[in-house]
Amino acid sequence: MGKGIRVGRLFGINIHIDWTWLFIFALITWSLTTVLVQFRPDLGAGTTWGLAAIAALLFFASVLAHEMAHSLVARANGLPVRNITLFIFGGVSSIEREPDSPGSEFVMAIVGPLTSLVIGIVLLLLVGARLPDAAGMLQRPQDLFEALGLAGMLGLWLGSVNMLLGFFNMIPAFPLDGGRVLRSIFWAITKNLQRATGWASAVGQGIAWLFIIAGIAMVFGVQIPLFGTGVVNGLWLAFIGWFLNSAASRSYRQVVIQDILADVPVTEIMRRNPPVVEPDITVNTLVHEHVMGSDDYGFPVMQSDDLVGLVTMEDVRGVTRDRWDTVRVKEIMTPREDLLTVNAEGDAAQAFNTLMQRDVRQLPVLENGQLIGLLRRNDLVRWLQLQSETEG
């Protein structure tokens, strides 16, 4: 996923939408429209498409509630939450570090599926109260949909899909919620987060491969219980399996990296005396006298001995070539007050989280407010490679 588009803020947490959300929103709307046309042909085209779009939006509101539950519990446990992003598989909370204990991991993981299940149960109970014979009419969808009315149809579908969302997320396939619950149990047993993550990731990858194999079998006509058969369903299941396999492997690598970097001071990895530039030089001078002669992506901007900003190649790309001789660095740099920085006494694990979560390539390292170095993503990667080679 990319950074996504910010669409709002709820409880102090930014809500983003990834471009893949548009695809799944359109797919759900089209799918529901097809069902409504089949069972409620009396509805007009505008009503049918409008009802389907409202249902899709309410579904993603349910997903947002699921992720918000994770995020609020994480914040209550002192874990920073950067944003929530809705994307093709639902949603994800950008929690900036791992929980501090198995107990907090368990509660933080379980609260999301419980939220979905509660939403589902409440909606289905409301539908059942409105239509006491709804269970008996399940064998006659045409009569059921006519008796329910538009609000009842929305409640039945949304309640059912929230129940499915809750149960699916409890599958013990890390990093799904069920996999995180499993990791919290392994963590409590082993007292070792890295080992627990390794075990949970192995289980998650095993389940992911079962999804992939089952999906391929469905493509070739095999009937899989609960999932059915068919090319579209099979490809979708295999795609979910591929995503889970990749996510489990990536999550384990991140925990290993965090373990290696834990308690390593930033000053051990940072680049001391990095090349700096002055705020009044032109973009042309920056490119030809500084960028071309180094492998640096960003340059601290210094005035006397004070850090006043940071200029990167991304800033340069925002200036057309014909203006390089007139535009000065101070006009395009990120000013100091807007910079992400790290303290010299900070640890590399926290700095690594900041680099990856905020998608930046370097962090100025400050001591008593003064620049003493630059921690670059490339330097961290080289240091990790060196540790891997020396420790086998």
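What follows is calculated from the coordinates using simple rules that are stated; it is not laboratory data. Computed from a predicted model, the values in this text were never measured in an experiment. Note that we place each Cβ from the backbone using ideal geometry, even for glycine, and neighbour counts take in every protein chain shown.
Structural remarks
- Projecting the Cα atoms of I110, A129, S71 onto the charge dipole of the chain (Cβ charges, centred on the Cα centre) puts A129 farthest toward the positive pole.
- Amide H to amide H distances under 5 Å link G309 with V301, R336, where only residues 5 or more positions off or on other chains count and H is placed in the peptide plane.
- R0 of 56 Å, Cβ-Cβ distance T47-V316: FRET efficiency to nearest 0.05: 0.60
- Gain on full extension, evaluated as 0.36 nm per residue between N368 and L150 minus their Cα-Cα distance, stands at 72.1 nm.
- Residues L114, L27, L386, sorted so that the one with the fewest Cβ neighbours within 10 Å comes first: L386, L27, L114
- Look at the dipole of segment 184-327 built from charges on Cβ: of A188, F211, P300, the Cα furthest out on the positive end belongs to F211.
- Amide H partners (placed H, <5 Å) of L375, local residues excluded: R271, L363, V365
- Karplus-derived HN-Hα couplings along segment 195-201 (A = 6.51, B = -1.76, C = 1.60, θ = phi - 60°), whole Hz, x at Gly and Pro: 5, 4, 5, x, 5, 5, 5
- Under a model in which nothing but the beta-carbon of Lys, Arg (+1) and Asp, Glu (-1) is charged, segment 281-392 shows a dipole of about 340 debye around its Cα centre.
- Cα principal axis extents for the chain, largest first, Å: 80, 55, 43
- Amide H contacts for M170 (H built 1.01 Å from N in the peptide plane; partners 5 or more residues away or on another chain; cut-off under 5 Å): G178.
- Cα-centre dipole for the chain with unit charges at Cβ (Lys and Arg positive, Asp and Glu negative), debye to 20: 1000 debye
- Residues H70, H16, H290 arranged by fewest to most Cβ contacts within 10 Å: H290, H16, H70
- For the pair F39 and T229, a Förster radius of 35 Å applied to the C-beta separation gives a FRET efficiency near 0.95, rounded to the nearest 0.05.
- Within segment 281-317: backbone nitrogen closer than 20 Å to the D325 label point (7 Å, Cα to C-beta): 281-292, 316-317
- Ranking of T341, T85 by count of other Cβ atoms within 10 Å, fewest first: T341, T85
- Karplus-based coupling profile of segment 64-72, in residue order and whole Hz: 4, 4, 4, 6, 5, 4, 4, 5, 5, with θ = phi - 60° in 6.51 cos²θ - 1.76 cosθ + 1.60 and x standing for Gly or Pro.
- Residue list for segment 323-363, given a label point 7 angstrom along the Cα-to-Cβ vector of D306 and an amide N cut-off under 16 Å: 330, 335-339
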